[in-house]
1. If GLN26 satisfies every condition in (1) at pLDDT 95 or above; (2) among the polar types (S, T, N, Q); (3) surrounded by 12 or more Cβ atoms within 10 Å (Cβ to Cβ); (4) not in a helix (DSSP H, G or I) but one, which is the exception?
2. Going by the structure shown, is ILE133 closer than 20 Å to LEU70 by Cβ, open to solvent by 40 Å² or more (accessible area, probe 1.4 Å), part of a helix (DSSP H, G or I) and among the β-branched types (Val, Ile, Thr)?
3. Let me confirm something: among PHE54, PHE104, which residue is open to solvent by 70 Å² or more (accessible area, probe 1.4 Å), in contact (Cβ under 8 Å) with a residue 60 or more places away in the chain and part of a helix (DSSP H, G or I)?
4. Taking interchain pairs and intrachain pairs at least six residues apart, which have beta carbon atoms under 7 angstrom, with the first residue in the range 138-165 and more than 17 Å from THR90 (Cα to Cα) and polar (S, T, N, Q) and the second open to solvent by less than 50 Å² (accessible area, probe 1.4 Å) and assigned to a loop (DSSP other than H, G, I, E, B)?
5. Quick check on VAL97: is it touching a helix residue (DSSP H, G or I) at 6+ places or on another chain (Cβ under 6 Å), surrounded by fewer than 19 Cβ atoms within 10 Å (Cβ to Cβ), at pLDDT below 95 and of a type in the set (A, V, I, L, M, F, W, C)?
6. Considering (1) open to solvent by 60 Å² or more (accessible area, probe 1.4 Å); (2) free of Cβ contacts under 8 Å to residues at least 24 places away in the same chain, say which one LEU33 fails and leave the rest.
7. Restricting to the range 136-156, name every residue that is in a loop (DSSP other than H, G, I, E, B) and within 18 Å of ASP179 (Cβ to Cβ).
8. Of the residues PHE126, PHE159, PHE145, which single one is open to solvent by 70 Å² or more (accessible area, probe 1.4 Å) and over 30 Å from LYS34 (Cα atoms)?
Amino acid sequence: QVNSYPIKWNDIKLSMLTILINAFIQLIGVYFLKLNWLQISYDSDLLTLVVEVFAIILIMDLVMYFFHYLAHIPFFYKIIHAKHHEHVSTNLLSLFVLHPIEAFGFGILMLLVFMSYTFSVYAISFYILINLIWGTVGHLNLAFFPKWVNQIYVGTSEFHNQHHVQENKNFGFYTSVWD
């Protein structure tokens, strides 16, 4: 374990803003649901649930990879992503230390994926839970998995921490497949 980046008051405020933006995106999703722009299923068997969650994870991993890669283009990096990378060694807030444009962008990407197919409410809910846990664990600066897991294209906390140390690699979130 490496020493975690210290928690600063500005990071707490920015994290709270990110959470508010996420809540706002959820309200947009509810509005889209009322307009029938977003459709969800309320019944699902176990196999369908597993397939849908796996599909959401892979699709979101791909679109987040490209969004994250674009955020590292120097022009965008200076404006929207540099603050997140002040956390060279991460901590429990690092996931939420995002520029509002970046937080909004990630949320809109998620909504667009959810709008692309009629996923079950259970798959969406389970994915959101996985997303929160995976993102938090990925920024805790702790090794949660055995070393061999890094060899099977899983985006572990060590994988992501290397991204914070060497910013030109490891843009994936759930997997290292795209890198």
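The values are calculated or read from the model by the stated rules, or taken from the named source; none is laboratory data. Since we're looking at a predicted model, the values are computed, not measured. No Cβ is skipped: glycine too gets one built from the backbone with ideal geometry, and neighbour counts run over all protein chains shown. Surface accessibility is based on the protein's heavy atoms, side chains included, excluding ligands, DNA and RNA. Shrake-Rupley method; radii C 1.70, N 1.55, O 1.52, S 1.80 Å.
1. Evaluating GLN26 over (1) at pLDDT 95 or above; (2) among the polar types (S, T, N, Q); (3) surrounded by 12 or more Cβ atoms within 10 Å (Cβ to Cβ); (4) not in a helix (DSSP H, G or I) leaves (4) as the failure.
2. Judged against the criteria, ILE133 is not a match.
3. Among PHE54, PHE104, only PHE104 is open to solvent by 70 Å² or more (accessible area, probe 1.4 Å), in contact (Cβ under 8 Å) with a residue 60 or more places away in the chain and part of a helix (DSSP H, G or I).
4. ASN150/THR156
5. Numbers: touching a helix residue (DSSP H, G or I) at 6+ places or on another chain (Cβ under 6 Å): yes; surrounded by fewer than 19 Cβ atoms within 10 Å (Cβ to Cβ): no; at pLDDT below 95: yes; of a type in the set (A, V, I, L, M, F, W, C): yes.
Spelling it out, it is not the case that VAL97 is touching a helix residue (DSSP H, G or I) at 6+ places or on another chain (Cβ under 6 Å), surrounded by fewer than 19 Cβ atoms within 10 Å (Cβ to Cβ), at pLDDT below 95 and of a type in the set (A, V, I, L, M, F, W, C).
6. The single condition LEU33 does not satisfy is (1).
7. Listed by number, the residues that qualify are HIS139, PHE145, TYR153, GLY155, THR156.
8. Being open to solvent by 70 Å² or more (accessible area, probe 1.4 Å) and over 30 Å from LYS34 (Cα atoms) holds for just one of PHE126, PHE159, PHE145, which is PHE145.
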